[in-house]
Amino acid sequence: MCRWFAYISPTEPCLLSDVLITPANSISKQCSEHYLPKLLPHGEDKELDHTSDELLRMRNSLLNMDGLGVAWYTEAASSYVKHVTGLRPALYKSQSPPINDFNFKSLCENTETHCVFAHIRASSGSVVTQVNSHPFVFGRHVFMHNGVISNFSAIRRDLTDILSFDAYCNIFGSTDSEHAAALYITNLTNHGDKSTWEKPYPLKAMLAAMRKTVLQILQLQHAKLGAANTPSSLNFCTTDGTKLLAIRFRNHATQQPPSLYWSEFAGRTLNTKYPGHPDGEEIVNEEAVLDKGEKIGKHTIVASEPTTYDEHEWHLIKVNHALLVDEEGEEKEVQLEYDGELNAADPKFDAKK
């Protein structure tokens, strides 16, 4: 499965290279290494190939080399274009893994932002091409996914029938994830046209739209496939640049969704200006320009894997829960309620019990 990273703050910008490249377990390195506290025993060995849990290996796959995408928010357009106000996402996508992408490195070393989404892709079957790389942008709204909508080809046509016209036209690739993004924006804007994508919406409305999106996907699968359906892993994340919503979800009675963590403290060692280093307490940050007394601004990081050495800074999002981050940076976890009838069986693993 894919890996992703999100940073958002009302006051504290981050340098993209600090959060996406520098740490030993940055998203740039997660193409081939993984760190999953509270899910996978770790120590000297971080390789998923050595765990006996086949589900963990499958859902947090070793190689994520099928594309790279970064969306970061800037006010640049609002300074030049009269009808644009506030933050808007800039987008960079590539078919190359980040470690081999010269343009990605240069961009990250010279860009700061209060909100960034980054994603590395492990294809679940669709073509490896730039348009299939996450994140997906709809006006001021950005969306990304780790997981898979099971049996997507069976429900794809029915799903497109419930999209708004403009959301359907904004699908440029072939992935289940981009279709889910289009369904989310359809629900968020109540089938509005693309002009409605330029508006911010309350966090409560974002959560309602996300829950409706999940339920619609599950209901389509249930109606189309019945007992033949298999579980979906839906780790979705979305933002408008000032608020963030992430969910960790799988419609199975006992199985874990892919990993997803959040932190309200890790940003200090992920910011070169502040003392400390993401890879260890004993490592001196020679570039720090602030002292230990300087307090970092409120911020939240949500990521498939922790990117700093101190696992106590990170919380594993509960199974089938959503993390909400408001404009002030306040975080809250809430349960995603749904009908247990929409759970699916996993024939490969349930049959072993």
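The values are calculated or read from the model by the stated rules, or taken from the named source; none is laboratory data. Because the structure is a prediction, the values reported are computed rather than measured. Glycine gets a Cβ as well: all are built from the backbone with ideal geometry, and neighbour counts include every protein chain shown. We work out accessible area using only protein heavy atoms, side chains counted, and drop any ligands, DNA or RNA first. Shrake-Rupley method; radii C 1.70, N 1.55, O 1.52, S 1.80 Å.
Couple of notes before you dig in:
- Note on the stretch 191-225 and the stretch 239-307: Cα centroid distance 27 Å, given to the nearest whole angstrom.
- FRET efficiency for LEU91 and ASP193, using Cβ-Cβ distance with R0 set to 25 Å, rounded to 0.05: 0.75
- From the coordinates shown, semi-axes √(5λ) of the Cα gyration tensor in Å corresponds to which of [x] 30, 26, 18; [y] 32, 27, 21; [z] 27, 24, 20: [x]
- Ranked packing of 199-210, 231-242, 259-270, most packed first, by mean Cβ within 10 Å: 231-242, 259-270, 199-210
- Entry note, the chain: relative contact order of 21 percent, from Cα contacts under 8 Å with a spacing of 6+ residues.
- Among GLU333, GLU311, GLU294, the largest mean-square fluctuation in a Gaussian network model of the chain, built with springs joining Cα atoms closer than 10 Å, belongs to GLU294.
- Simple rule: put +1 on each Lys or Arg Cβ and -1 on each Asp or Glu Cβ in the chain, find the dipole, and look at ASN229, VAL302, ALA6; the Cα lying farthest toward the positive end is ASN229.
- Net charge in the neighbourhood of PRO135 (other residues with Cβ under 14 Å of its Cβ; Lys, Arg +1, Asp, Glu -1) is +3.
- For the chain, calculated [θ]222 nm from helices alone, where every DSSP H run of n ≥ 4 adds -39500 (n - 2.57): -6000 deg cm²/dmol
- Furthest towards positive pole of dipole, GLY67, ALA322, GLY139, structure part the chain, Cβ charges: GLY139
- Taking every C-alpha pair closer than 8 Å and separated by at least 6 residues, the mean separation divided by the residue count of the stretch 201-353 gives a relative contact order of 27 percent.
- Span-like helix ranges in the chain, DSSP H, alpha carbon extent 30 angstrom or more, Kyte mean at least -0.5: 203-225
- Charge dipole of the stretch 313-353 (Cα centre as origin; +1 on each Lys and Arg Cβ, -1 on each Asp and Glu Cβ, all else neutral): 600 debye, rounded to the nearest 20.
- Taken about its Cα centre, the chain carries a charge dipole of roughly 1200 debye when the Cβ of each Lys and Arg holds +1 and the Cβ of each Asp and Glu holds -1.
- Taking each of LYS243/LYS273; LYS105/LYS298; LYS194/LYS332; LYS82/LYS199 in turn, the alpha-carbon distance tops 22 angstrom for LYS243/LYS273; LYS105/LYS298; LYS194/LYS332.
- The magnitude of the dipole of the stretch 267-353, with charges of +1 and -1 set on the Cβ of Lys/Arg and Asp/Glu and taken from the Cα centre, is near 220 debye.
- Working from Cα pairs under 8 Å separated by at least six residues, relative contact order for the stretch 308-353 is 24 percent.
- Restriction of the chymotrypsin sites (Phe, Trp or Tyr not before Pro) in the stretch 75-122 to DSSP coil positions whose beta-carbon has at most 12 other beta-carbons within 10 angstrom yields TYR80.
- Shown for the chain: the carbon plus sulfur share of the solvent-accessible area, taken with all protein chains present and a 1.4 angstrom probe, equals 52%.
- Listed residues GLY276, LEU260, VAL289: farthest to the positive end of the dipole of the stretch 252-311 (Cβ charges): LEU260
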